[in-house]
1. If you take each beta carbon of peptide B:383-393 and count the beta carbons of other chains within 10 angstrom, what is the mean?
2. Work from the charge dipole of chain A (Cβ charges, +1 for Lys and Arg, -1 for Asp and Glu, about the Cα centre) and give the residue of A:A339, A:S364, A:L86 farthest towards its positive end.
3. Give me the percent relative contact order of chain B, please, defined on Cα pairs under 8 angstrom at least 6 residues apart.
4. Can you compute 3J(HN,Hα) from phi for each residue in region B:420-430, using the Karplus curve 6.51 cos²θ - 1.76 cosθ + 1.60 with θ = phi - 60°, rounded to whole Hz and x for Gly and Pro?
5. For the protein assembly as shown, give the magnitude of the charge dipole about the Cα centre (Cβ charges: +1 Lys/Arg, -1 Asp/Glu; no others), in debye to the nearest 20.
6. Mind sorting A:S273, B:S368, B:S249, B:S229 by how few other Cβ atoms lie within 10 Å of their own Cβ, fewest first?
7. Any idea how far the Cα center of region A:130-148 sits from the one of region A:249-312, in Å?
8. How far is it, in nm, from the label point at A:A423 to the one at A:D212 when both lie 7 Å from their Cα along the line to the Cβ?
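What follows draws every value from the coordinates through simple rules; no lab data is involved. Computed from a predicted structure; not experimentally measured. Here Cβ is always computed from backbone atoms with ideal geometry, including for glycine, and neighbour counts include all displayed protein chains.
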Protein chains: 2
Amino acid sequence: MKTVDTLIHARWLITCEEENKILENHSLVVNDKKIMAILPTHEAQKNYTATHTENFPGHAIMPGLINAHTHLAMNYFRGLADDLALMDWLNNHIWPAEKKWVSHEFVYDASLFAMAEMIRSGTTCFNDMYFFPIATAEAVDIAGMRAHIGMTVIDFPTAWATTSEEYFALGMEFFEKYKNHDLVKATLAPHAPYTVCDKNLLTVKDIAEKYDLKINLHLHETRDEIAQSLTQYKMRPIQRLQQLGLMTSRLIAIHMTDINEEDLAIVAASHVSVVNCPESNMKLASGICPVIKFKNHGINIALGTDGAASNNDLNMIGEMRTAAFLAKLSNGNPESLPAKEILKHATLNGAKALGIDHLTGSLSLGKSADIIAIHLDEIETLPVYHPASQIVYAAGRHQVTDVWCRGKRLLKNRELMTLDEAALKVKARDWAKKIFVV
Amino acid sequence: MKTVDTLIHARWLITCEEENKILENHSLVVNDKKIMAILPTHEAQKNYTATHTENFPGHAIMPGLINAHTHLAMNYFRGLADDLALMDWLNNHIWPAEKKWVSHEFVYDASLFAMAEMIRSGTTCFNDMYFFPIATAEAVDIAGMRAHIGMTVIDFPTAWATTSEEYFALGMEFFEKYKNHDLVKATLAPHAPYTVCDKNLLTVKDIAEKYDLKINLHLHETRDEIAQSLTQYKMRPIQRLQQLGLMTSRLIAIHMTDINEEDLAIVAASHVSVVNCPESNMKLASGICPVIKFKNHGINIALGTDGAASNNDLNMIGEMRTAAFLAKLSNGNPESLPAKEILKHATLNGAKALGIDHLTGSLSLGKSADIIAIHLDEIETLPVYHPASQIVYAAGRHQVTDVWCRGKRLLKNRELMTLDEAALKVKARDWAKKIFVV
């Protein structure tokens, strides 16, 4: 009889490993922040005692969800300006609001608030792109999530930085400060091909290679972006990035709609990861990421919500559903992107995109105890014939009851353990009062 | 000071009338099952006392949602067979399961279970098409919802009826039994153009005219349906229905994807109502209902979830979101189908389709007290700049806290008042154990 930190007995264990095996009446043995064993519950009960024992007779247990594209601090702009054309939305609402309000304090408060939403919907890891990355990282220290945070580069002044030199300098300051952190990892984050010049993209590439970092980039988000690139550079954005040497396994290509055969050939020959953001792409009428084509070419596809100003939530449970629906509709085939596969987009494939699939993204021996519990024994998800189907096609985010990240409990029977829900709501209301009179 | 049954003080009142005015700090005065007054809260407090007074300082109050297309009893088949091609799904899973299990008892149990899901997500009225309509109506008597229930006609034998004569006879038996019911109303429900012959469609039309009833029909759900009609009848289904005299204001045309210019001209010249079921159409890869084109031709568009075997929920909050997203994407315009408009699809337009907009579908003087409260002061929906945006783009169904239908409380602070949640779950699990071994 061994004594361990935590024993989790589950009705269903959804592993999200390559084959995504689903185990019934199995248990997770967690010790020293890691998954130490996975075995049938009757054997676990014979072989282990634990400081904490959790019984989940009506739950599915799975790895924490990985939101592969966020702008956390935009949560304070949620619903400020919906149902508008993209350029009206950006020029007349989002960018002026950002210019006026975004600060270290704003990003800290809004990101912490966004982390509460993510934890409450089963996300344990996110990949963020915004300003004031140190503020986001400080919020991570409170929330206890796993975070990849971008060193944003954009060729115009914002509330955070004015010149290209300043963007790179502030980015490197963040990188240096957090380079040995357990949960925070820096990424390069040039905003988009239409907002970052060749020179800056090449600097991004150099820094990424020097420090072995991933590069996040909004790529082929809209037709306009492609038309503009054809005018300005006489080539499509993906072609331009290839010429600059950025189409490599370092690149996390976000959105990727409107892909023609030449684009596809370049993507297939590279080892970029693609992040599909179907709800943002639908709400802003941007286009459709051809996930089935990418899959058929062996491309890794992760899933992201985008920011709350263009989605308008950070709910990966709902995003999986929309992604599966849109893949079926756009391919004219209801067999496209089945439940067990989209669950991997939201877990293992996200970890691969971020280069941390040796650490997290599946329930596997030795991986970090990044674990969530989803209660399926509810009016909305009964009967449970196939738990993967119920999670993707019927469950709501409020059915996520418990969350651990690196073995630490972040949500316990719907209660936030590291964050103060009431205080977060007060702060959100206070900020909104100021922002709304812009 | 007048004494009334119920006073509801709300932070926001979303009227869902034609202009869909949103009132702040207003109150609803409910008496004798009806809305008696709508006025600013400070005036309501001066002029009325009530047996029940409800304060909703962080809620939006709106009319109960109207689900314009359901197959309630299919809730017991939720998740039984997903990610399959339509004909495989029907022929090898759904139809065999229905043949084996559907009975009066099954329909009663499964429909009552489905009503619990609908009440918990803010639906007060549904438009159902299934078998054993008397069983569904009996469940309505327990649940207290408003129900339009179809007299189904289909040209092949099912668990309910064998011959056309039997379908019509059983339908009329239901009609006679419930013709004076407060909440239940019969409709004709020929299944689809490809499953009902001309003769039976004409009989449907005669009965509908004789008793002044609506006609529900799955129409233009898939391309295959249209191809088959071209082969068999040398015309498209909408053309055939026009020739048969069914394209009138009685018709509730469900799905309506793949609409060409000739179809559109026929629809525009008729006064049919269209029911958009975007999630079912996406999940089964059926197609897209062109809601903006229909709107531009003055067609009334309601919203429905379809059955839980092809959606897989009866959640109208989520369905509004998907409908808005899909309209924006398919029209290439993020301004398409804004939040305030899709809220009307899910309320007033549903009432118009069913011919009961004089009774329900908006918060208007004299209409039935069919009312729901949605809590927006939550991590997921703060800040609230525009309540309509938060309901459509950010809220989850679990944020519906309270529901009244015809003045009767069906949900009180998330607790079902007319149904026994625990007992419903036991029954669902018991049925599933039998069904799963098929």
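1. Details: counts 16, 6, 9, 6, 1, 3, 7, 4, 1, 4, 11.
That works out to 6 on average.
2. The residue sitting farthest along the positive end of the dipole is A:S364.
3. Details: 968 pairs, mean separation 89.1, N = 438.
Contact order relative to length: 20 percent.
4. 9, 4, 4, 5, 5, 5, 4, 4, 4, 5, 5
5. Details: 86 positive and 102 negative charges, 120 e Å.
Roughly 580 debye, rounded to the nearest 20.
6. Exposure proxy ranking, most exposed first: B:S249, B:S229, A:S273, B:S368.
7. Using only Cα atoms to place each centre, the spacing works out to 25 Å.
8. Taking the simple label geometry, A:A423 and A:D212 are separated by 3.8 nm.
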